[in-house]
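> Input: one structure, supplied below.
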Amino acid sequence: MKLNIDQKTASVEAARMKVPDWHGKASEMLPASAGTILDKGSELSEDKLRVRGVSTSQDSSTYSQSGLMASGVHDDPVTLDPQELNDWARRDVPVEEEPDCADWMVPAYEQFAHAEARANEYSRAGGSLLTSGGGAYMPSINNGKLAFKSESADTVSEDGATIVTTDGSKTMTVDAPGASTFVTSEGLHWAVANNLQDQQWVGTLFSTQELVNNPSDPIGFPRVDGHTGPLFVGHEPSRPSILNRVSVTARSDTAQSLQFKLRSSLNYNRVIRSFSQDIPQGKSTTDFRLLSIGINPMVMEIQPESGTSVILDDYSVFP
Amino acid sequence: MPEFIFKERVSGVGQRLYNNPLTKEAPDGRTYRPTRMRLPNWVDRDVMTEGVDDLASASFDVSVERISEARPLDILLDSPIFPDLSKAYSTEQIIDEITEEAPIDDTEIIDEWVHNSAANSAILSGWTREYNRNSLASTDSGDAQTSGVAVRDFSFDGSETGSQVVSNGSASVDGPAGEFDVPNNGGKVQFAEDSIGASAVNSNGGYQFDGSVAQYGDLAEIPIEEPIRFPSLYSGDRYTGGTGFEMPNVLNQAPPEESENQTVSFNMSSNSEQDVKFAFRNPNDYSQTVTENTLTVPEGTSEVEFQVSAQPAVPPVAVEMQDQGGSVQSVESYSMEAQ
């Protein structure tokens with residue numbers, strides 16, 4: 001097995017990606033005229049990678065949530081619908097009956113269950129997503145890669161933002177209430193801060209630990225408190241090639257535009273190419289071609305519009 | 001034939017050897033992350049099998065020498081979540097600070113489990129920073145009933161309430177090797193064949209209860225040159241009816257050079273005389289203890305040293321070090337030298 005990042009030197013936030021054996025050696029497998037750019041994925045830039053023939057066809061106009069998973073921790077409904085989850089959480093958390101249950105625990109319960117369910121789907125597809133959700137002031141929120149700094153809701157409200165940190169050495173700001181995507185050279189994260197009360201507020205964190213390459217099992221996009229987060233998947237050609245045909249099958253609860261960003265597998269901060277594509281409500285397949293002197297494995301970020309429910313069914317790369 | 005060495009190549013770096021693969025599939029179809037030890041490049045199958053077997057019959061002559069006073073707690077790292085709290089290795093040392101910061105108000109801060117969880121979170125997130133200088137571990141603390149407490153492969157069973165935990169005397173935690181019971185006001189380490197996780201629980205009988213989980217991803221590699229605390233949860237007079245939980249440090253004792261004889265040395269700081277469990281665990285199956293000993297370290301900083309021999313060579317093993325009473329604050333160094 002070959003990986004893009006060494007665990008020994010990686011930061012704690014690192015999201016690792018399995019890469020094919022030919023990664024870094026591709027130039028040896030192609031004619032000399034192909035050049036050495038194949039070994040330098042980070043050098044691929046917009047002018048060296050073309051996206052052509054982007055088109056979408058509708059497979060079904062019906063939006064279905066089949067194939068999603070539950071948290072496995074609670075008896076939560078299998079859904080991406082925040083209202084349905086919130087209704088379930090209100091019924092399940094005995095705020096009125098139990099003196100040690102507070103109002104903020106309802107969204108905390110709902111968001112934890114939602115996050116765990118998405119982590120289960122990502123794991124089923126072959127990757128690893130670390131998540132956490134709950135009271136971010138006390139007791140605090142930590143998903144193993146990322147944590148909210150413990151601040152009272154009063155302070156967060158006053159600042160209009162809060163802080164997430166990796167191991168204390170790196171900090172990033174999240175609008176509060178709001179959601180933010182954080183991409184660093186090694187890390188891929190999404191954080192949400194919401195339900196600000198006087199002291200307590202609710203935070204939810206998603207961090208990729210191991211990227212799933214070319215997934216073919218359904219994965220729901222995270223959807224928390226009116227925000228929809230991105231999914232990061234590995235784009236892995238089966239062999240070095242100057243052409244990749246890509247097929248992305250997704251289900252959406254509404255017609256919308258998806259944002260696609262291809263990032264370097266050697267430095268996630270480097271966006272090699274980005275584009276958007278309209279998709280209809282229901283199930284649809286978006287096809288496109290990538291053309292370059294040589295295409296190394298990359299990371300694909302797919303971002304739906306905020307407040308929508310989307311399920312990624314399949315991401316295929318040929319060859 | 002079982003595999004004992006897994007090869008992993010990293011782009012631009014080269015080959016790495018590990019005792020377990022990066023991921024495995026559990027019987028329920030989910031993938032999980034085994035606890036891995038990086039192996040030195042000289043290791044072969046014979047060392048991983050015969051070497052471990054030979055080590056089981058070895059005896060150690062351990063020397064413990066006090067070399068100075070206990071190191072100040074300032075040498076520990078801040079919690080990234082609670083950077084303004086005092087540095088501590090025990091929940092008992094900081095819980096009053098947390099209670100003062102956010103007193104119970106019966107509307108948002110509704111019970112003492114919030115304070116316990118926050119204290120555990122501070123201790124464990126500080127420990128994670130220290131441990132992860134050499135490896136990869138993750139922890140989570142919080143309300144195990146409602147918000148849920150989970151790391152990648154270990155999570156509490158969200159169907160239990162705090163009152164059930166008190167009546168059962170334990171809470172249930174799910175791990176890659178199945179469920180295990182964690183005693184109330186105490187904790188447990190699950191050493192399974194290829195995974196290691198720890199959990200601690202505290203319930204006063206209300207609806208919510210406080211839980212913590214830790215997953216050891218890659219074991220801390222030696223040499224250890226900076227302090228790693230021993231988290232001590234629920235010890236002290238505040239917590240009655242349980243044993244408390246002293247979370248072990250588990251290190252990857254992989255000899256950098258091949259030899260039949262190695263000298264192991266490490267330093268520990270303790271605020272009083274204390275017994276410490278010291279065990280070698282089989283790198284091919286962590287549930288098996290190869291050999292076990294109890295050390296007694298005096299108050300202060302002690303240097304511990306012993307020789308270890310095995311044929312064809314001293315193999316890598318997982319070293320489990322567990323404070324038996326809540327006094328040991330940190331292991332400050334750990335190294336191994338071929339003789």
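The values are calculated or read from the model by the stated rules, or taken from the named source; none is laboratory data. These figures come from a predicted structure and were not determined experimentally. Glycine gets a Cβ as well: all are built from the backbone with ideal geometry, and neighbour counts include every protein chain shown.
> Among the residues of the stretch A:152-171, which ones are surrounded by 18 or more Cβ atoms within 10 Å (Cβ to Cβ), more than 7 Å from every other protein chain (Cβ to nearest Cβ) and over 18 Å from the mean Cα position of the chain (by Cα)?
A:S152, A:A153, A:V156, A:T162, A:I163
> So is A:L130 of a type outside the set (D, E, K, R), facing chain B (nearest Cβ under 7 Å) and under 16 Å from the mean Cα position of the chain (by Cα) or not? Spell out the reasoning first.
Working: of a type outside the set (D, E, K, R): yes; facing chain B (nearest Cβ under 7 Å): yes; under 16 Å from the mean Cα position of the chain (by Cα): yes.
It is true that A:L130 is of a type outside the set (D, E, K, R), facing chain B (nearest Cβ under 7 Å) and under 16 Å from the mean Cα position of the chain (by Cα).
> Something else: Considering B:S117, B:S159, which residue is crowded, with 18+ Cβ neighbours inside 10 Å and within 12 Å of chain A (Cβ to nearest Cβ)? Give the steps one after another, and end with the answer.
Details: B:S159 fails: crowded, with 18+ Cβ neighbours inside 10 Å.
It is B:S117.
> Then there is this: Six or more apart or on different chains, Cβ atoms under 8 Å: show the pairs whose first residue is in the stretch B:276-304 and within 27 Å of B:P21 (Cβ to Cβ) and touching a residue at least 60 places away in the same chain (Cβ under 8 Å) and whose second is assigned to a strand (DSSP E or B) and of a type in the set (F, W, Y).
B:R281/B:F191; B:Y286/B:F191; B:S287/B:F191; B:V290/B:F280; B:T291/B:F280
> I'd like the residue in the stretch B:26-43 that is outside any strand (DSSP E or B) and in contact with an Asp or Glu (Cβ under 7 Å, 6 or more places away or on another chain) and, out of all such residues, is surrounded by the fewest Cβ atoms within 10 Å (Cβ to Cβ).
Among those residues, the one meeting the criterion is B:W42.
> Related question: Here are B:I109, B:I81, B:I67: which of them is crowded, with 21+ Cβ neighbours inside 10 Å and under 21 Å from B:P227 (Cβ atoms)? Write out each step before concluding.
On the way: B:I109 fails: under 21 Å from B:P227 (Cβ atoms); B:I67 fails: crowded, with 21+ Cβ neighbours inside 10 Å.
None of the other options fit; the residue is B:I81.
> Suppose we filter B:A338, B:A279, B:A313, B:A318 for residues that are in contact with a helix residue (DSSP H, G or I) (Cβ under 7 Å, 6 or more places away or on another chain) and among the hydrophobic types (A, V, I, L, M, F, W, C); which single one remains? Full working, then the answer.
Working: B:A338 fails: in contact with a helix residue (DSSP H, G or I) (Cβ under 7 Å, 6 or more places away or on another chain); B:A279 fails: in contact with a helix residue (DSSP H, G or I) (Cβ under 7 Å, 6 or more places away or on another chain); B:A318 fails: in contact with a helix residue (DSSP H, G or I) (Cβ under 7 Å, 6 or more places away or on another chain).
When all the criteria are applied, what remains is B:A313.
> Let me ask something additional. For the stretch A:144-153, which residues satisfy the criterion of being touching a residue at least 24 places away in the same chain (Cβ under 8 Å) and either within 18 Å of A:M105 (Cα to Cα) or in contact with a helix residue (DSSP H, G or I) (Cβ under 7 Å, 6 or more places away or on another chain) (or both)?
Let us first name the residues in the stretch A:144-153 that are touching a residue at least 24 places away in the same chain (Cβ under 8 Å), namely A:144-148, A:152-153.
Correct list: A:A147, A:F148, A:S152, A:A153.
> Does the stretch A:87-100 include one or more residues that are modelled with pLDDT of 85 or more and under 30 Å from B:Y216 (Cα atoms)?
no
> Quick one: which residue in B:R38, B:R9 is within 26 Å of the chain's Cα centre (by Cα) and facing chain A (nearest Cβ under 10 Å)? Quick ask: steps written out before the conclusion?
Values: B:R9 fails: within 26 Å of the chain's Cα centre (by Cα).
Step by step, each of B:R38, B:R9 is checked, and only B:R38 is within 26 Å of the chain's Cα centre (by Cα) and facing chain A (nearest Cβ under 10 Å).
> When you scan the stretch B:144-156, how many residues do you find that are facing chain A (nearest Cβ under 8 Å) and either of a type in the set (S, T, Y) or assigned to a loop (DSSP other than H, G, I, E, B) (or both)? Can you show your working first?
As a first pass, look at the stretch B:144-156 and keep what is facing chain A (nearest Cβ under 8 Å): B:146-148, B:150-152, B:155-156.
After this cut, where a residue has to be either of a type in the set (S, T, Y) or assigned to a loop (DSSP other than H, G, I, E, B) (or both) as well, the list is B:146-148, B:151-152, B:155.
Of the residues in the stretch B:144-156, 6 are facing chain A (nearest Cβ under 8 Å) and either of a type in the set (S, T, Y) or assigned to a loop (DSSP other than H, G, I, E, B) (or both).
> Right, here's the next one. Filter the stretch B:250-288 down to residues that are within 25 Å of B:E299 (Cα to Cα) and either part of a loop (DSSP other than H, G, I, E, B) or of a type in the set (G, A, S) (or both), then give me how many there are.
Qualifying residue count for the region: 7.
> Taking the residues in the stretch B:120-156 that are closer than 25 Å to A:L85 by Cβ and β-branched (V, I, T) as candidates, determine which candidate is surrounded by the most Cβ atoms within 10 Å (Cβ to Cβ).
B:V149
> Related question: Within the stretch A:214-236, identify whether any single residue is free of Cβ contacts under 8 Å to residues at least 60 places away in the same chain and hydrophobic (A, V, I, L, M, F, W, C), and answer yes or no.
no
> Sticking with this one: Return yes or no: is B:D46 assigned to a helix (DSSP H, G or I) and not basic (K, R)?
Details: assigned to a helix (DSSP H, G or I): yes; not basic (K, R): yes.
It is true that B:D46 is assigned to a helix (DSSP H, G or I) and not basic (K, R).
> Same structure, new question: All but one of (1) free of Cβ contacts under 8 Å to residues at least 60 places away in the same chain; (2) closer than 30 Å to A:V106 by Cα hold for A:S207, so report the exception by its number.
Single failed check for A:S207: (1).
> A:P82 fails exactly one of the following numbered conditions: (1) modelled with pLDDT of 95 or more; (2) under 30 Å from B:D28 (Cα atoms). What is the number of that condition?
If we test A:P82 against (1) modelled with pLDDT of 95 or more; (2) under 30 Å from B:D28 (Cα atoms), just (1) comes out false.
> Can I ask one more? Please specify each residue of the stretch A:258-274 satisfying the condition of being within 17 Å of the chain's Cα centre (by Cα) and either among the aliphatic types (A, V, I, L, M) or part of a strand (DSSP E or B) (or both).
Step one: list which residues in the stretch A:258-274 are within 17 Å of the chain's Cα centre (by Cα), which gives A:258-265, A:267-271, A:274.
Of everything in the stretch A:258-274, those that are within 17 Å of the chain's Cα centre (by Cα) and either among the aliphatic types (A, V, I, L, M) or part of a strand (DSSP E or B) (or both) turn out to be A:L258, A:Q259, A:F260, A:K261, A:L262, A:R263, A:S264, A:V271, A:S274.
> A further question on this structure: Any residue in the stretch A:106-129 that is in contact (Cβ under 8 Å) with a residue 40 or more places away in the chain, closer than 30 Å to A:S247 by Cβ and part of a strand (DSSP E or B)?
Checked against the condition, which is being in contact (Cβ under 8 Å) with a residue 40 or more places away in the chain, closer than 30 Å to A:S247 by Cβ and part of a strand (DSSP E or B), the stretch A:106-129 yields at least one hit.
> Being without any contact (Cβ under 8 Å) to a residue 60 or more places away in the chain, crowded, with 21+ Cβ neighbours inside 10 Å, at negative phi and of a type in the set (V, I, T) is the requirement here; does B:I98 meet it? Give the derivation first.
Values: without any contact (Cβ under 8 Å) to a residue 60 or more places away in the chain: yes; crowded, with 21+ Cβ neighbours inside 10 Å: yes; at negative phi: yes; of a type in the set (V, I, T): yes.
Yes.
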